[in-house]
Amino acid sequence: MIRGVLLFCMITCPVTAWGQDRILSQGTALTLPKGTWAVGLFSPLRYGLTDDTELAAHPLLFFVRPHLNVKKNWVSKGIYLSTRHGVAYESFLLETIAREGTGGILPANSQIPQLFTVSNSALATKQFHPWLTLTLLAELNLAPSFGSSDFPSMDLPLVYQATAHFYTGYSLRWGIDMEGILWNSLHYLVDLDLWWFPGHSTSWGVESKAYLLWRFSPSFAILGGIKMILGSYPFGNQQHLLPIVDLLWSF
Amino acid sequence: MAPTAHRKSFLSVITLSVLAFLLGCDPFHTQFNDSEKAQLYSASQIIAPAPPGPRLLIMDWNVKFGGGRIDFFFDCHGDEVLMTKSEVISNLQGLAEKIRQVDPDILLIQEVDTLSKRCAYVNQVKWLLDNTELNYAAYASQWKADYVPSDGIGRVNSGNAILSKYPILSAHRTALPLISEDDALTQYFYLKRNILTAVIDVGGRELTVINTHTSAYSHDGTKKQQIDILQEHMVETDSQSRLFVAGGDLNTLPPGTLKQWDFPDSVCTDEAFQADDYRDESDWLTPLYNDWDAAIPLVDYQADNSLYLTHTTDSGGFWNRKLDYLFTNGIFVNGMIHQDTSHGGMETMPLSDHAPLTVELELP
């Protein structure tokens, strides 16, 4: 039976879903059942290619940042173990935001190389109780590039951490998610992610979010919550608190 | 699920979302209160000043955020946006050399950055304190944002500062009106002009120093309002029988200026960023000249404009308009624009797009 879907992702950061329900499984080691689709206003479009292989891409972001992620489940007995692999072409988006005037995130005279992100993650998920499912994450991001490169870092929360590997060549992320059913159709998620990008003038970041999700119907859900980012930036350490909200569908 | 449970769940999510939204207001931290305390700094090593003599040397300078003569995009002479740290330090060394040469007791500066990506995040107020004889500073930001999503500017914190050899007793920032013709998004991210006021203990005597930088590009009368508010501040300070020095970059010309428009260094084609026609502003500073003693007396300026011009955006040209001023309710003597080696003993054209102004204030 198709159930409601979830998840919000602030710009770049994938968010975990909850529990045993495979449709609500974006950030977990679980994959969508074969032939199932799930999407959010800000979340990627996901498709169950087989019962243990899932494809994901953001439907709007895809046209300015071509990318594809594949999640493969390897173990699903008691504990779920999966790996996730993705590749993204970054240059087009960077060239788009390197411009004069409004929307110029980077200076117009930036030199953007041919730049890719290759991401590899390991995920382990175990449900201990309907109100407690844990997911552990380890991720390596690589940034192969070709051509001359001269563009400044984007010292924004979330973006800085997620793009640090552009400048260092690689970054590492570890995460733990805790989620479950609070009451009836009300779900919760709390997570913590640690970023490490050795070689950068700043080398770490911490992200944590907490949200409530209400499953309005089996195929529709809304969520709202808060995301905290604590990080080291070229100007020093800073903490940010951002709202998160999303509308989620499955079909 | 029971309807009541549905409603409770729904309300929980909505409440949390609204709370999250409220917490996220002013997400780029660009806003100021109408009146707030200024940020105070002191040098890493305090150099005890000599007891004040009969006169204080006052200096005023728009330092162009330590940009020297790099051609930035906003002047339309080049396309630079961000400086490297070595460029910033090199330019600051030039500014500090001039300041040390003048050796002012009090320095008013405009366009000084404390935490900007364009300046490689060098705190220029602190750097100048640590590389001159000045000990204390008060700073009021006029442009603050965690990120300006335009032209690659990124994070910025830039404003006015008052630096002093003598201790600053108090300092506060007063907000000036925003340019009303700007849309809401521009108003949110763009410059927010202010008046910085500091009370300085000069050997047991209090001196009020007022520093401002009015709008350059307003076509809706905002700049006139800002100058009028400055005048009100001066009148109010004078009515309290307090000795003051007030000035800064007022972005307009004195009465009696011969050349008021069509300056050769104004090469921007975007009408919003053209600031080369002052014909409608010819009397805006008349009340200031009428009521207070000017560092450069109007009669001197009107006798020969060229000796007192303080600004050009063209590093290959020469100063072509006077935008920078100092006034007092006391007595000024020996006002001077440091235009070059023959007027000030050192070339200033490479250091900023403004020339510094100095004057001596007679202490009562």
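The values are calculated or read from the model by the stated rules, or taken from the named source; none is laboratory data. Values in this document were obtained by computation on a predicted structure and should not be read as measured data. All Cβ positions, glycine included, derive from the backbone under ideal geometry; neighbour counts span all protein chains shown.
So which residues in the stretch B:173-203 are farther than 17 Å from B:F32 by Cα and at pLDDT below 95?
So in the stretch B:173-203, the residues farther than 17 Å from B:F32 by Cα come out as B:181-183, B:198-203.
Once the filter is applied, which keeps residues that are farther than 17 Å from B:F32 by Cα and at pLDDT below 95, the stretch B:173-203 yields B:E181, B:D182, B:D183, B:G203.
Would you check which residues across the stretch B:66-89 are more than 14 Å from chain A (Cβ to nearest Cβ) and either touching a helix residue (DSSP H, G or I) at 6+ places or on another chain (Cβ under 9 Å) or of a type in the set (K, R) (or both) and list them?
Hits for the stretch B:66-89 are B:G66, B:G67, B:G68, B:R69, B:I89.
Quick one: is A:A143 within 13 Å of chain B (Cβ to nearest Cβ) and at pLDDT 95 or above?
Values: within 13 Å of chain B (Cβ to nearest Cβ): no; at pLDDT 95 or above: yes.
No.
Restricting the stretch A:121-152 to residues that are farther than 24 Å from A:S82 by Cα and in a loop (DSSP other than H, G, I, E, B), which is nearest to the chain's Cα centre (by Cα)?
Taking the stretch A:121-152 and keeping what is farther than 24 Å from A:S82 by Cα, we get A:144-152.
Right, trim to in a loop (DSSP other than H, G, I, E, B) and you get A:144, A:147-149, A:151-152.
Details: A:P144: 20, A:G147: 28, A:S148: 29, A:S149: 26, A:F151: 24, A:P152: 23 Å.
If we take residues in the stretch A:121-152 being farther than 24 Å from A:S82 by Cα and in a loop (DSSP other than H, G, I, E, B), then A:P144 is nearest to the chain's Cα centre (by Cα).
Hey, among the residues in the stretch A:226-251 that are free of Cβ contacts under 8 Å to residues at least 24 places away in the same chain and at the interface with chain B (Cβ under 9 Å from one of its Cβ atoms), which one's surrounded by the most Cβ atoms within 10 Å (Cβ to Cβ)? Give the derivation first.
Here is the first cut: in the stretch A:226-251, the ones free of Cβ contacts under 8 Å to residues at least 24 places away in the same chain are A:226, A:228, A:236-237, A:239, A:241, A:243.
Right, trim to at the interface with chain B (Cβ under 9 Å from one of its Cβ atoms) and you get A:226, A:236, A:241, A:243.
Details: A:I226: 18, A:G236: 10, A:L241: 14, A:P243: 21.
Selected residue: A:P243.
Would you confirm, using the coordinates I've provided, whether B:E97 is part of a loop (DSSP other than H, G, I, E, B), surrounded by fewer than 20 Cβ atoms within 10 Å (Cβ to Cβ) and either at negative phi or within 14 Å of chain A (Cβ to nearest Cβ) (or both)?
Details: part of a loop (DSSP other than H, G, I, E, B): no; surrounded by fewer than 20 Cβ atoms within 10 Å (Cβ to Cβ): yes; either at negative phi or within 14 Å of chain A (Cβ to nearest Cβ) (or both): yes.
It is false that B:E97 is part of a loop (DSSP other than H, G, I, E, B), surrounded by fewer than 20 Cβ atoms within 10 Å (Cβ to Cβ) and either at negative phi or within 14 Å of chain A (Cβ to nearest Cβ) (or both).
Within the stretch A:186-206, identify whether any single residue is surrounded by fewer than 22 Cβ atoms within 10 Å (Cβ to Cβ), closer than 25 Å to A:P130 by Cβ and within 12 Å of chain B (Cβ to nearest Cβ), and answer yes or no.
Yes: one or more hits.
Looking only at residues in the stretch B:283-331 that are in contact with a helix residue (DSSP H, G or I) (Cβ under 8 Å, 6 or more places away or on another chain) and of a type in the set (V, I, T), which one is surrounded by the fewest Cβ atoms within 10 Å (Cβ to Cβ)?
Top of the filtered list is B:I296.
Taking the condition of being part of a loop (DSSP other than H, G, I, E, B), in contact (Cβ under 8 Å) with a residue 24 or more places away in the chain and closer than 28 Å to A:I222 by Cα, how many residues in the stretch A:165-207 meet it? Reasoning before the result, please.
Start the filter on the stretch A:165-207 by keeping residues that are part of a loop (DSSP other than H, G, I, E, B), which leaves A:169, A:184-185, A:197-203.
When the remaining residues are screened for being in contact (Cβ under 8 Å) with a residue 24 or more places away in the chain, the result is A:169, A:185, A:197-203.
After this cut, where a residue has to be closer than 28 Å to A:I222 by Cα as well, the list is A:185.
Going through the stretch A:165-207 one residue at a time, the tally reaches 1.
Might you let me know whether the stretch B:229-248 holds any residue that is buried (at least 22 other Cβ atoms within 10 Å of the Cβ), of a type in the set (S, T, Y) and in contact (Cβ under 8 Å) with a residue 24 or more places away in the chain?
There is no residue in the stretch B:229-248 that is buried (at least 22 other Cβ atoms within 10 Å of the Cβ), of a type in the set (S, T, Y) and in contact (Cβ under 8 Å) with a residue 24 or more places away in the chain.
Is it the case that some residue within the stretch B:55-65 is at positive phi and in contact with a helix residue (DSSP H, G or I) (Cβ under 9 Å, 6 or more places away or on another chain)?
Yes, because at least one residue in the stretch B:55-65 is at positive phi and in contact with a helix residue (DSSP H, G or I) (Cβ under 9 Å, 6 or more places away or on another chain).
The conditions are (1) surrounded by 19 or more Cβ atoms within 10 Å (Cβ to Cβ); (2) within 14 Å of chain B (Cβ to nearest Cβ); (3) under 23 Å from A:L248 (Cβ atoms), and A:M154 fails exactly one of them. Which is it?
It is condition (3) that A:M154 fails.
Out of curiosity, is A:V75 more than 14 Å from every other protein chain (Cβ to nearest Cβ), part of a strand (DSSP E or B) and either in contact with an Asp or Glu (Cβ under 7 Å, 6 or more places away or on another chain) or within 20 Å of A:L45 (Cα to Cα) (or both)? Spell out how you get there, then give the answer.
Details: more than 14 Å from every other protein chain (Cβ to nearest Cβ): yes; part of a strand (DSSP E or B): yes; either in contact with an Asp or Glu (Cβ under 7 Å, 6 or more places away or on another chain) or within 20 Å of A:L45 (Cα to Cα) (or both): no.
So A:V75 does not fit the description; no.
Take the residues in the stretch B:257-282 that are over 18 Å from B:D314 (Cα atoms) and surrounded by fewer than 16 Cβ atoms within 10 Å (Cβ to Cβ), then tell me which one is modelled with the highest pLDDT. Break it down stepwise before answering.
At the first step, the residues of the stretch B:257-282 found to be over 18 Å from B:D314 (Cα atoms) are B:257-258, B:271-272, B:278-282.
Narrowing the set further to residues that are surrounded by fewer than 16 Cβ atoms within 10 Å (Cβ to Cβ) leaves B:258, B:271-272, B:279-280, B:282.
Values: B:L258: 95, B:E271: 60, B:A272: 58, B:R279: 91, B:D280: 91, B:S282: 91.
This residue is B:L258.
Just to be sure, is A:L32 over 21 Å from A:F146 (Cβ atoms), surrounded by 15 or more Cβ atoms within 10 Å (Cβ to Cβ) and without any contact (Cβ under 8 Å) to a residue 24 or more places away in the chain?
Numbers: over 21 Å from A:F146 (Cβ atoms): yes; surrounded by 15 or more Cβ atoms within 10 Å (Cβ to Cβ): yes; without any contact (Cβ under 8 Å) to a residue 24 or more places away in the chain: yes.
Here the answer is yes, as A:L32 does meet what is asked.
Hey, does the stretch A:107-120 have a residue that's within 14 Å of another protein chain (Cβ to nearest Cβ), over 23 Å from the mean Cα position of the chain (by Cα) and outside any loop (DSSP other than H, G, I, E, B)? Even if it seems obvious, please write down each step before you answer.
Here is the first cut: in the stretch A:107-120, the residues within 14 Å of another protein chain (Cβ to nearest Cβ) are A:107-112.
Retained after the next criterion (residues that are over 23 Å from the mean Cα position of the chain (by Cα)): A:107-112.
Adding the requirement that they be outside any loop (DSSP other than H, G, I, E, B) leaves A:111.
Scanning the stretch A:107-120, I find at least one residue that is within 14 Å of another protein chain (Cβ to nearest Cβ), over 23 Å from the mean Cα position of the chain (by Cα) and outside any loop (DSSP other than H, G, I, E, B), so the answer is yes.
Test of understanding: among B:D26, B:D34, which residue is more than 10 Å from every other protein chain (Cβ to nearest Cβ) and modelled with pLDDT of 85 or more? So that I can check it myself, show each step before the final result.
Values: B:D26 fails: modelled with pLDDT of 85 or more.
Of the residues listed, the single one that is more than 10 Å from every other protein chain (Cβ to nearest Cβ) and modelled with pLDDT of 85 or more is B:D34.
Being part of a strand (DSSP E or B), out of contact with any helix residue (DSSP H, G or I) (no Cβ under 7 Å at 6 or more places or on another chain) and either among the aliphatic types (A, V, I, L, M) or away from every other protein chain (no Cβ under 14 Å) (or both) is the filter here, so list the residues in the stretch B:157-183 that pass it. Steps first, answer last, please.
Here is the first cut: in the stretch B:157-183, the ones part of a strand (DSSP E or B) are B:157-164, B:168-175.
When the remaining residues are screened for being out of contact with any helix residue (DSSP H, G or I) (no Cβ under 7 Å at 6 or more places or on another chain), the result is B:157, B:159-160, B:162, B:164, B:168-175.
Passing the criteria: B:G159, B:N160, B:I162, B:S164, B:I168, B:L169, B:S170, B:A171, B:H172, B:R173, B:T174, B:A175.
Quick one: how many residues across the stretch B:249-266 are assigned to a loop (DSSP other than H, G, I, E, B) and in contact with an Asp or Glu (Cβ under 8 Å, 6 or more places away or on another chain)? Write out each step before concluding.
Step one: list which residues in the stretch B:249-266 are assigned to a loop (DSSP other than H, G, I, E, B), which gives B:250-260, B:262-266.
Subsequent filtering for residues that are in contact with an Asp or Glu (Cβ under 8 Å, 6 or more places away or on another chain) retains B:250, B:252-253, B:255, B:260, B:262-266.
Total meeting the criteria: 10.
Report the residue count in the stretch A:213-225 for those that are closer than 18 Å to A:F42 by Cβ and more than 10 Å from every other protein chain (Cβ to nearest Cβ).
Of all residues in the stretch A:213-225, those closer than 18 Å to A:F42 by Cβ come to A:213-216, A:219-225.
Okay, now just the ones that are also more than 10 Å from every other protein chain (Cβ to nearest Cβ), so A:219-220.
Qualifying residue count for the region: 2.
Scan the stretch B:136-156 for residues that are more than 13 Å from chain A (Cβ to nearest Cβ) and within 27 Å of A:L106 (Cβ to Cβ) and jot them down.
Here is the first cut: in the stretch B:136-156, the ones more than 13 Å from chain A (Cβ to nearest Cβ) are B:136-143.
B:S141, B:Q142, B:W143 - these are the residues of the stretch B:136-156 that are more than 13 Å from chain A (Cβ to nearest Cβ) and within 27 Å of A:L106 (Cβ to Cβ).
Here is a list of conditions, (1) surrounded by fewer than 19 Cβ atoms within 10 Å (Cβ to Cβ); (2) of a type outside the set (F, W, Y); (3) more than 17 Å from the chain's Cα centre (by Cα), and B:K126 meets all of them except one; can you say which number that is?
(3)
Restricting to the stretch B:303-328, name every residue that is of a type outside the set (F, W, Y) and either in a strand (DSSP E or B) or under 19 Å from the mean Cα position of the chain (by Cα) (or both). Can you show your working first?
Kept after step one, since they are of a type outside the set (F, W, Y), are these residues of the stretch B:303-328: B:303-307, B:309-317, B:320-324, B:326, B:328.
Selection gives B:L309, B:T310, B:H311, B:T312, B:T313, B:R321, B:K322, B:L323, B:D324, B:L326, B:T328.
Is it fair to say A:R65 is surrounded by 15 or more Cβ atoms within 10 Å (Cβ to Cβ), part of a loop (DSSP other than H, G, I, E, B) and not polar (S, T, N, Q)? Working first, answer last.
Details: surrounded by 15 or more Cβ atoms within 10 Å (Cβ to Cβ): yes; part of a loop (DSSP other than H, G, I, E, B): yes; not polar (S, T, N, Q): yes.
Yes, satisfied.
For A:L93, state whether it is out of contact with any helix residue (DSSP H, G or I) (no Cβ under 7 Å at 6 or more places or on another chain), buried (at least 19 other Cβ atoms within 10 Å of the Cβ) and assigned to a strand (DSSP E or B). Spell out the reasoning first.
Details: out of contact with any helix residue (DSSP H, G or I) (no Cβ under 7 Å at 6 or more places or on another chain): yes; buried (at least 19 other Cβ atoms within 10 Å of the Cβ): yes; assigned to a strand (DSSP E or B): no.
So A:L93 fails the test.
Give the stretch A:157-184 a look and list any residue that's within 14 Å of chain B (Cβ to nearest Cβ) and over 17 Å from A:L132 (Cβ atoms), or say none. First the steps, then the outcome.
Quick first cut of the stretch A:157-184, residues within 14 Å of chain B (Cβ to nearest Cβ) only: A:157-160, A:163, A:181-184.
Of everything in the stretch A:157-184, those that are within 14 Å of chain B (Cβ to nearest Cβ) and over 17 Å from A:L132 (Cβ atoms) turn out to be A:P157, A:L158, A:V159, A:Y160, A:T163.
Does the stretch B:112-123 contain at least one residue that is crowded, with 22+ Cβ neighbours inside 10 Å, away from chain A (no Cβ under 14 Å) and either more than 18 Å from the chain's Cα centre (by Cα) or among the hydrophobic types (A, V, I, L, M, F, W, C) (or both)?
yes
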